[in-house]
Amino acid sequence: MRLVILEDYDLASEWAAKYIRNRIIQFKPSAERYFTLGLPTGGTPYGCYQKLIEYYKSGDISFKYVKTFNMDEYVGLPRAHPESYHSYMWNNFFKHIDIDPAHAHVLDGNAEDLEAECQAYEQKISEAGGIELFVGGIGPDGHIAFNEPGSSLVSKTRVKTLAKDTIVANARFFGNDLSKVPTMALTVGVGTVMGAKEVMILITGAHKAFALYKAIEEGVNHMWTVSAFQQHPRTNFVCDEDATLELRVKTVKYFKGLMHVHNKLVDPVLSIKDQ
């Protein structure tokens, strides 16, 4: 497990974007061999997406041979609704890059049969050869995707009822009107993300500090679903200084002492211009 600590949100976002860029370029994707990327929504990954768009526009990376699978989607929210995760991904990332729309997978929260939609999503991931790199974010209560506290740590894609804390946290996107916030969602399971070859979890801000503490310094616990990734052979937690406020001083010192190793993963930063 790596814990990569950057000074602030912008530097954490840039490190994560460089890491994704290098992983895709090193993979050498082609029409016969797509790179498969799992993606989150929300405030935390926004800066990372902006950097990836910048790298695409500068001609340093292409998403032509990349397939993406998003983590979750609200149930019952129209696809074109500005707060649907489909809208978020297209407005903040997909429409600015060269990904084939047929290869950008987002769960359909308006499917006639939600259970069948979830099973079909798992099948699509399997048919794509599994996820090479799953990028995720977490909530202040340590949930990843919509795997709320108490979720099974071997769960697969399914329908979930949202916790009250999550509904309150998301109310800011719905004019602070709780009655407008969807109460159910489709989400990949903890087991789905654990099945990826590699996981990178972005954690920024002091409000996520206790969740990072639970993820790093305490044991695996289904009440803090992000803690499951202690068990993954290739987990990267990427955070800013504010997110480390609940960690022990010696923990922070230990991982900061490894930054010279971690930075070699993104320096040099690769470019398709050099291939």
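The values are calculated or read from the model by the stated rules, or taken from the named source; none is laboratory data. Keep in mind that what you see is a predicted model, and the values were worked out from it rather than measured. Positions of Cβ are generated from backbone atoms using ideal geometry, with glycine treated the same way; all protein chains shown enter the neighbour counts. Quick note on the areas: whole protein, heavy atoms, side chains included, nothing else; ligands and nucleic acids left out. Shrake-Rupley method; radii C 1.70, N 1.55, O 1.52, S 1.80 Å.
Structure notes:
- Asp10 vs. criteria crowded, with 16+ Cβ neighbours inside 10 Å and of a type in the set (D, E, K, R): no
- Any hit, the range 149-165, residues being polar (S, T, N, Q), in contact with a Gly (Cβ under 9 Å, 6 or more places away or on another chain) and closer than 12 Å to Glu73 by Cα: yes
- The single residue among Ile131, Ile125 that is part of a helix (DSSP H, G or I) and within 17 Å of the chain's Cα centre (by Cα) turns out to be Ile125.
- Pairs with Cβ under 6 Å, 6+ apart, first in the range 91-111 and within 20 Å of Ala185 (Cβ to Cβ) and crowded, with 17+ Cβ neighbours inside 10 Å, second at pLDDT 95 or above and among the aromatic types (Phe, Trp, Tyr): Phe93/Tyr49; Ala104/Phe94; His105/Phe69; Leu107/Tyr121; Gly109/Tyr74
- The listed residue being open to solvent by 20 Å² or more (accessible area, probe 1.4 Å) and among the polar types (S, T, N, Q), out of Thr68, Thr36, Thr41: Thr41
- Residues satisfying the stated conditions in the range 1-37, i.e. small (Gly, Ala, Ser), closer than 27 Å to Ser126 by Cβ and under 19 Å from the mean Cα position of the chain (by Cα): Ala16
- Ser126 vs. criteria crowded, with 19+ Cβ neighbours inside 10 Å, hydroxyl-bearing (Ser, Thr, Tyr), out of contact with any Lys or Arg (no Cβ under 6 Å at 6 or more places or on another chain) and closer than 26 Å to Val190 by Cα: no
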